[in-house]
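The values are calculated or read from the model by the stated rules, or taken from the named source; none is laboratory data. Here the structure is a predicted model, which is why all the values come from computation and not from measurement. Using ideal geometry, Cβ is built from the backbone for each residue, glycine included, and neighbour counts are taken over all protein chains shown.
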Amino acid sequence: MNQDQQENRDTLPPRGPKLRLLDVKAYKDGEKEGLLLLDRKGLFKDPVFVPAELLPILGALTGERDTHQIALDLGREMGCSVPVSLVEQVVEMLDERLCLEGERAELVKKQKRDNYLSLPVRPVACAGTPGYPKEPNLLRRELDRILSEGEAPQLHGELLGLVAPHIDLARGRLGYAAAYRRLAAEEVPPELVLVLGTGHGGPSTLLVPSTKDYETPLGPLPGEKGLISCLLEHFPELAMDECLHQEEHSLEFQAVFLAHLFGNSRSKSSPKFAFFLTGSLCSNPEEDLGVQRVLAFLGDKIEAMGKRVLVLAGADLSHVGPFFGDGKPVDRAWVERLAQEDLRDLGLACDLQWGTFVANLKRDEEFRRVCGTTPIYLAGKLAERMAGGPALKGRILQYGPSRSESGEQCVTWASLAFEAKATE
């Protein structure tokens, strides 16, 4: 099959039931065994359980065969009769749960998108998660406790870029403390903060800007509407996945700290904010014309605005263990290996060796599942542009692994500062 034939095949409508692109997780509880289907797009929230005995049917839902042909083919492969009615029941169940491509999922997707776009602000979605109280006074006290932890920050120059975790506030508190204590120590606060977060919902574009202010339990963060409008005018395709902002935590956790640091001030010097979800990069973004065009455009606009700008990335690092699909629990030796690999690559970022930084993480993607590659890269590149290149230096403020006691999972994270030394 040549390339044109393959592309035509990929764009043809399915002839039969087709499973949506979902995450899967092995599940076993006593005698109950099978797979859990999870949806990053958020059309359904609760995992959908598929028993082990029905997995052959699940695997056959590629859109290439109707239910009758699936039953015939599975019967031939398994050496027994597979009733068409059983295949149809499984298909109907999955369709009702929004696991299949088709009219039902598309209708819900459109409703979800339209509902979000009609809202006046991006509403709070993650309050109540560990370390993040819903009640404003409790939240302020908790954030004050976090920001009181750790050593006093050192200042090595003007802060142009900052990386903070996006794991929940309870597990990542030392990382959040290091990042936001460093920001709070700036003598002159930024006038504009560009916030870049991992798009866990799988954006189809490099950036997904928010046209809405971000609400927090401590009040809203006003958006820099002019910059966003100008960006969308030049790159209208970036608007297609805006509804992914609705349930994304990578930006909301940053918004909470930003509101705590800057939200009380109602003076004209209070910063404005621009929130962006980020999609995936290729292995060599330095030679990707699309990536470089967006970076150049943002760099030009920031420069023309003449404002003091901070670029902030909400980014975690490695994700390993059975919870993420690995075959064995995470032990201390594994955590130590992760630290060596993570710190090696963070060192490349601090030295502005962006090509090698991204190539390493993309190479190890299957094993380490680093989800912060794009926001770290974009934040560092924009900070480098603002500093004029050689004047910028990155440094690691804090690194840590968050490993569950059982070893079921381990997520690593870091805080970085990109600072520009004053020229003599």
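With respect to (1) closer than 27 Å to E248 by Cα; (2) surrounded by fewer than 18 Cβ atoms within 10 Å (Cβ to Cβ), the lone exception for D331 is condition (1). Considering the range 113-147, and only residues there that are of a type in the set (S, T, Y) and buried (at least 16 other Cβ atoms within 10 Å of the Cβ), the residue that is farthest from T216 (Cα to Cα) turns out to be Y116. Looking at A164, A185, A177, just one residue is without any contact (Cβ under 8 Å) to a residue 60 or more places away in the chain and of a type in the set (A, V, I, L, M), and that residue is A185. Of everything in the range 53-69 that's hydrophobic (A, V, I, L, M, F, W, C) and touching a Leu at 6+ places or on another chain (Cβ under 8 Å), which residue is farthest from L100 (Cα to Cα)? This residue is L55.
Within the range 373-422, being in a helix (DSSP H, G or I) and among the hydroxyl-bearing types (S, T, Y) holds for T373, T374, Y377. Against the test of being without any contact (Cβ under 8 Å) to a residue 60 or more places away in the chain and over 22 Å from the mean Cα position of the chain (by Cα), the options L94, L107, L100 yield a single qualifying residue, L107. Scanning the range 314-345 for residues that are out of contact with any Asp or Glu (no Cβ under 6 Å at 6 or more places or on another chain), part of a helix (DSSP H, G or I) and of a type outside the set (F, W, Y) yields a total of 13.
Restrict the check to the range 181-188 and report whether at least one residue is in contact with a Ser or Thr (Cβ under 6 Å, 6 or more places away or on another chain) and either over 19 Å from Y214 (Cβ atoms) or crowded, with 24+ Cβ neighbours inside 10 Å (or both).
Going residue by residue through the range 181-188, those that are in contact with a Ser or Thr (Cβ under 6 Å, 6 or more places away or on another chain) are none.
No.
May I ask you to verify whether F323 is surrounded by 18 or more Cβ atoms within 10 Å (Cβ to Cβ) and not small (G, A, S)? Spelling it out, F323 is indeed surrounded by 18 or more Cβ atoms within 10 Å (Cβ to Cβ) and not small (G, A, S). Checked against (1) assigned to a loop (DSSP other than H, G, I, E, B); (2) of a type outside the set (S, T, Y); (3) within 22 Å of P133 (Cα to Cα), F257 passes all but condition (1).
Is it the case that R145 is more than 22 Å from E191 (Cβ to Cβ) and touching a Pro at 6+ places or on another chain (Cβ under 9 Å)? No.
Let's see how each residue does on (1) among the β-branched types (V, I, T); (2) in contact with a strand residue (DSSP E or B) (Cβ under 6 Å, 6 or more places away or on another chain); (3) closer than 14 Å to A184 by Cα:
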| position | (1), (2), (3) |
| --- | --- |
| M93 | no, no, no |
| R97 | no, yes, no |
| R104 | no, no, no |
| L119 | no, no, no |
| A125 | no, no, no |
| P130 | no, no, no |
| E149 | no, no, yes |
| A152 | no, no, yes |
| A164 | no, yes, yes |
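Please identify the pairs in which a residue from the range 366-386 that is outside the structural domain of C410 (by TED's automatic domain parsing) and of a type in the set (D, E, K, R) has its Cβ atom under 6 Å from the Cβ atom of a residue that is assigned to a loop (DSSP other than H, G, I, E, B) and surrounded by fewer than 24 Cβ atoms within 10 Å (Cβ to Cβ), counting only partners at least 6 apart or on another chain. Taking only residues 6 or more apart or on different chains, not a single pair turns up. Checking each residue in the range 37-54 for being surrounded by 14 or more Cβ atoms within 10 Å (Cβ to Cβ), within 29 Å of S204 (Cα to Cα) and not aromatic (F, W, Y) picks out L37, L38, D39, R40, K41, G42, L43, P47, V48, V50. Picking from residues in the range 192-206 that are at negative phi and surrounded by fewer than 22 Cβ atoms within 10 Å (Cβ to Cβ), the one that is modelled with the lowest pLDDT is G201.
Let's see how each residue does on (1) assigned by TED's automatic domain parsing to the domain that holds L38; (2) surrounded by 14 or more Cβ atoms within 10 Å (Cβ to Cβ); (3) in a loop (DSSP other than H, G, I, E, B); (4) hydroxyl-bearing (S, T, Y):
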| residue | (1), (2), (3), (4) |
| --- | --- |
| C282 | no, no, yes, no |
| V294 | no, yes, no, no |
| E303 | no, no, no, no |
| L312 | no, yes, no, no |
| G347 | no, yes, no, no |
